[in-house]
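So the structure is just underneath, and the comments pick up after that.
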Amino acid sequence: MKRTHTYFKGIKPIAFEGKESDNPLAFRYYNPRQKVGKKTMEEHLRFAVAFWHSFGGMGTDPFGAATKTLPWLSAKDPVQRGYNKIDAAFEFMSALGIHFYCFHDYDLVEEGSMLNQSEERLQKVVAYAKKKQKETGKQVLWGTANLFSHPRYMNGAATSPDFRVVCHAAAQVKNAIDATVELGGANYVFWGGREGYLSLLNTDMKREQEHLARFLHLARDYGRKNGFKGTFLIEPKPMEPSKHQYDFDAATVIAFLREFDLMDDFKLNIEVNHATLAHHTFQHELQVAANAGLLGSMDANRGDYQNGWDTDQFPNNVYELTEAMLVLLEAGGFRTGGINFDAKTRRNSTDLVDLVYAHIGGMDTFARALLAAQAILDDGEYVSLRKKRYASFDTGDGKKFETGKLSLKDLHALAGKAGEPELISGKQEYLENLLNKFV
Ligand code: XLS
Ligand code: NI
Ligand code: NI
């Protein structure tokens, strides 16, 4: 396939040059074919670009107009704009060595004024993307439907109090699943930005959540019947744009999946900045998902310590991601999931090359974190210290407790016999230093 570099002029394929490199357009840590444990970095990390931020984000914010000129969006015809955007995305992925992409239905092409017009447009651009995938080997990490931008969704999509809106949402999800199947997507995501409420005064929460469950069952059944073999993912977020979102955090979503018998088909897509909005760490959310066997995929970004909203900055915190990679590696790594850069360059980062720097930085940060986490696991002290902390449950009465062989009265008797236990240090600072040694 010949590469034309129409949009990202002068950007050559980004190469790994090692940590001594001064070249800002090179990787210093991300070396796709380097083995880390049993897999290569590329196989571990499965990076993806996000169509909405990277090829559709114009720099608007609630106070200001677009600051960015995206040359692939200049065509008059919406379908042509869709083709051009796909060209730009594929060119970008090739330059960065990223093999996956993620999209909403109406990132691929602008929504029409009628459902059938939108469908026609979508089919055209999907056919085009499919052709580009064949030529380049690029793949879809996940597809989704945008069920939050259109005014009809102001009261929710699957959880709207108006049945006609639910039908529209279903139509979009059907089409987005079709597109994902057609493009061989590995996952299909539900992120419910409007599935929640602004005020409980006008909301029948129980009924709305039952509607959401019914909706997910229908989508799952449709997908399975029509060739979708991948994983359905729910992406928790506590708020924004709704005051309260039903998929608040990992624990809430897991309880929901259990209650409504969806555990077999759905896993979680954990996003860094959503975790922090829920007053959790990223690693906490990953661990909660992993404990339930539901760690599916990640949306990579970061928030801002000084303010509380979803700033979606590119990741640059090696320390935080090392802890995250520890959770991922101990859980056995990704299966169908990957790392989607659901992140945007700042409003005042107005050069096209800024998007390249942003992804290089994100990929290098994850690579560094992966290397550190693997080294920590190989070293073994971290794992053995944590295990040792629970040693009193490994044998004797502690083991009997774990296996359900003791009653509360038995524990009472043991307490009397043992007397006051001596204090055992949690060794947090020691462990933090241990982590630091490998970062
Ligand atoms: C918004 C979400 C969104 C989903 C896809 O906060 O992160 O971008 O990932 O709909
Ligand atoms: Ni987000
Ligand atoms: Ni996201």
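The values are calculated or read from the model by the stated rules, or taken from the named source; none is laboratory data. Computed from a predicted model, the values in this text were never measured in an experiment. All Cβ positions, even for glycine, are placed from backbone atoms using ideal geometry, and neighbour counts span all protein chains on display. Side chains included, ligands, DNA and RNA excluded: accessible areas come from the protein's heavy atoms. Shrake-Rupley method; radii C 1.70, N 1.55, O 1.52, S 1.80 Å.
Between SER297, SER199, SER425, where does the largest GNM mean-square fluctuation fall for the chain, given springs only between Cα atoms within less than 10 Å?
Evaluated over the chain, the most mobile residue of the options is SER425.
Taking Rh as the Kirkwood radius, which is the inverse of the mean 1/r over Cα pairs, what is the Rg/Rh value for the stretch 224-335?
Working: Rg = 14.1 Å, Rh = 14.4 Å.
Ratio value, two decimals: 0.98.
Report the local net charge at TRP52: Lys and Arg +1, Asp and Glu -1, summed over other residues whose C-beta lies under 12 Å from its C-beta.
-3
Net charge near LEU198, counting Lys/Arg +1 and Asp/Glu -1 over other residues with Cβ under 13 Å of its Cβ?
Surrounding charge for LEU198 is -1.
Only Cα pairs within less than 10 Å get springs; with that Gaussian network setup on the chain, which residue of GLY338, GLY184, GLY380 has the largest fluctuation?
Between GLY338, GLY184, GLY380, it is GLY380 that shows the largest mean-square fluctuation.
In Å and from the alpha-carbon atoms only, list the Rg and Dmax of the stretch 51-96.
Cα-based Rg and Dmax for the stretch 51-96 come out at 11.5, 35 Å.
Measuring from label point to label point, each 7 Å out along Cα→Cβ, what is the SER113 to MET205 span in nm?
4.1 nm
Pop out the Kirkwood hydrodynamic radius of the stretch 251-405 from its pairwise C-alpha distances, inverse of mean 1/r, in Å to one decimal.
Values: mean 1/r = 0.0574 Å⁻¹.
Hydrodynamic radius (Kirkwood, Cα only) of the stretch 251-405 equals 17.4 Å.
Rg over Rh of the stretch 1-107, using C-alpha atoms and the Kirkwood radius, what does it come to?
Radius of gyration over Kirkwood radius for the stretch 1-107 works out to 1.03.
Can you give me the distance in nm between label points at LYS387 and ASN433, each placed 7 Å from the Cα along the Cα-to-Cβ direction?
Computed distance between label sites LYS387 and ASN433 equals 2.4 nm.
Looking only at LYS68, LYS134, LYS229, which one moves most when the chain is put into a Gaussian network model with springs between Cα atoms under 10 Å?
With Cα springs under 10 Å in the chain, the top fluctuation among LYS68, LYS134, LYS229 is at LYS134.
Figure the gain on full extension for ALA127 and GLU420 (residue separation times 0.36 nm, minus the Cα-Cα span) and round it to one decimal in nm. Show your work: numbers first, answer last.
Working: separation 293, 0.36 × 293 = 105.48 nm, distance 7.07 nm.
Net length gain for the segment: 98.4 nm.
I want to verify the translational diffusion coefficient of the stretch 30-177 in µm²/s; compute it with Stokes-Einstein, Rh as the Kirkwood radius over Cα pairs, at 20 °C and 1.002 mPa s.
The Stokes-Einstein estimate is 127 µm²/s.
Angle check, please: helix 428-438 long axis (alpha carbons) against the longest principal axis of the chain (alpha carbons), in degrees 0 to 90, nearest 10.
50 degrees
Quick check of the Kirkwood formula: for the stretch 233-280, what is the inverse mean of 1/r over all pairs of different Cα atoms, in Å? Please list the in-between numbers first.
Details: mean 1/r = 0.0928 Å⁻¹.
Kirkwood radius, the stretch 233-280: 10.8 Å.
Compute and list, largest first, the equivalent-ellipsoid semi-axes of the stretch 138-217 from the alpha carbon gyration tensor, each √(5λ) rounded to a whole angstrom.
26, 11, 11
Once both labels are modelled 7 Å past Cα along the beta-carbon direction, what's the THR136-GLU20 spacing in nm?
In this crude spin-label approximation the distance works out to 3.4 nm.
Just to confirm the number: angle between the C-alpha axis of helix 352-379 and the first principal axis of the chain, 0 to 90 degrees, nearest 10?
Tilt relative to the chain: about 20 degrees.
Of the accessible area of the stretch 313-437, with the probe set at 1.4 angstrom, what percent is carbon plus sulfur? Mind showing how you got there, number by number?
Numbers: 3870 of 7270 Å².
Ligands and nucleic acids excluded, carbon and sulfur give 53 percent.
Test of understanding: express the Cα radius of gyration of the stretch 283-366 as a ratio to 2.2 N^0.38 Å, with N the residue count.
My calculation over the Cα atoms of the stretch 283-366 gives 1.17.
Pulled fully out, how much extra length does the chain show between MET154 and ALA66, if you take 0.36 nm times their separation in residues and subtract their Cα-Cα distance?
29.4 nm
Rounded to the nearest percent, how much of the accessible area of the stretch 1-131 (1.4 Å probe, protein heavy atoms only) is carbon and sulfur?
Reported share for carbon and sulfur atoms: 52 percent.
Tell me, what is the per residue accessible area of the chain in Å², probe radius 1.4 Å?
Solvent-accessible surface per residue comes out at 50 Å².
Counting residues in the chain as N, plug N into 2.2 N^0.38 Å and put the Cα Rg over that result.
It is 1.06.
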